[in-house]
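Here the structure comes first, spelled out in structure tokens, and everything after it is commentary.
Only the coordinates and a few stated rules stand behind these numbers; no lab work does. This is a predicted model, so every value here is computed, not measured. All Cβ positions, even for glycine, are placed from backbone atoms using ideal geometry, and neighbour counts span all protein chains on display.
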Amino acid sequence: MPDEEKTEKATPKRREEAREKGQVARSQDFSMAVLMMATAALLTIQGPRVASLLLSNMREFLGGVPLKHFGLPEAVGILKRVAVLVGLVVGPLAAGVLLVALVAGVIQVGFRITPKALEFKPEKFNPVSGMKRIFNVRGVMRMLFSAAKLVVMGLVLWLTLRGDFGTLLNLSRVDIPVAAGVMLDSVLRLLWVVASVLFVLGVGDLVYQKWQHARDLRMTKQEVKDEQKNAEGDPLIKGRIRQAQKRMARLRMMQEVPKADVVITNPTHAAVALQYDQEVMAAPRVVAKGWNEVALRIREIAAENDVPLYEDPPLARALCRSVDVGDEVPVKFYQAVAAVLSHVYRMTGKYAEVTGGGGNR
């Protein structure tokens, strides 16, 4: 559907589906800025100590081997020791930077593993699709923004380092510790300036990405209605389910008719099947009931199974209206039902002790 028709905000379900596919609003500039600021902070705190430690150990390594005995084995040994030292010193700093990078991602989109985003999709490697993504309006805007960002960052680098060019060019004339300190100061200052500028750009880009993401997920009014219908259940399908449930309940009910002691009829518009077992029941129980076609089917099953039919229109209508299937007959019907059962028992030769419709209680 055209974009102009998508005027409704995305529903929580739509946003969740997009999230599962890895479609979230994120800014690489924001992540990079946070990463650079974390690196600058760690180097500001630990940089001088790390540089001093590395220099002192280098002196120790190099001073421990006389030049006349210095060869390839000695050089390899020193390199191994330096590598271990660098790993022990720089490793924690690198781990801290990686942790900050993870936190930067969580800040933007939260923490969630999305397997669908990792699935192999051949269309991602389609050059035609790639060219369309690059040269559409959004791709062009992204390239223009990247070009503007490069210009800004280049200007920032020039303004930051233009006063240090002379000093940096003369570092070869000073001792290594002094040169290392000057270079570290320049690198830190550059990192902080670049990270700060990139952070401002990243925040703006993040706001834009969230706005664009919300725009991309917008829905038409019909899509919102369809989703609500699916969430609540299609009325047509729900109606069919209810009909199926009614048919199953009616089938189970009809299976109980042969167990009834009597079917009280209207005679044609209503039928109620009653069962009474004085050993387990406090009062007669309605095992089936119905009107019109259902009543006719109850009478047919009763006739097929030699269940007596008793015509009492007022009682049949009253029981149909007020007693559910599976419930016992209320007290107000005891006398009338007892009279029916007594008559049926006499006619069929089945004698049971029926007192007020309740039996031995």
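What to note about this one:
- The tail of the calculated P(r) for segment 252-348 beyond 19 Å holds 29 percent of all Cα-Cα pairs.
- Cross-link table Lys238/Lys259; Lys149/Lys210; Lys9/Lys229; Lys21/Lys149, entries beyond 27 Å C-alpha to C-alpha: Lys238/Lys259; Lys21/Lys149
- Distance between modelled label sites at Arg189 and Val280, nm, 7 Å Cα→Cβ extension: 9.6 nm
- Given +1 at the Cβ of Lys and Arg, -1 at the Cβ of Asp and Glu and no other charges, the dipole of segment 252-348 around its Cα centre is 240 debye to the nearest 20.
- Shown for Ile301, Ile237: other C-beta atoms within 10 Å of each C-beta, ranked fewest to most, produce the order Ile237, Ile301.
- Fewest-first sequence of Tyr310, Tyr276, Tyr334 by Cβ atoms within 10 Å of each Cβ: Tyr334, Tyr310, Tyr276
- Length added when fully stretched, Lys21-Leu296, from 0.36 nm per residue minus Cα-Cα: 93.3 nm
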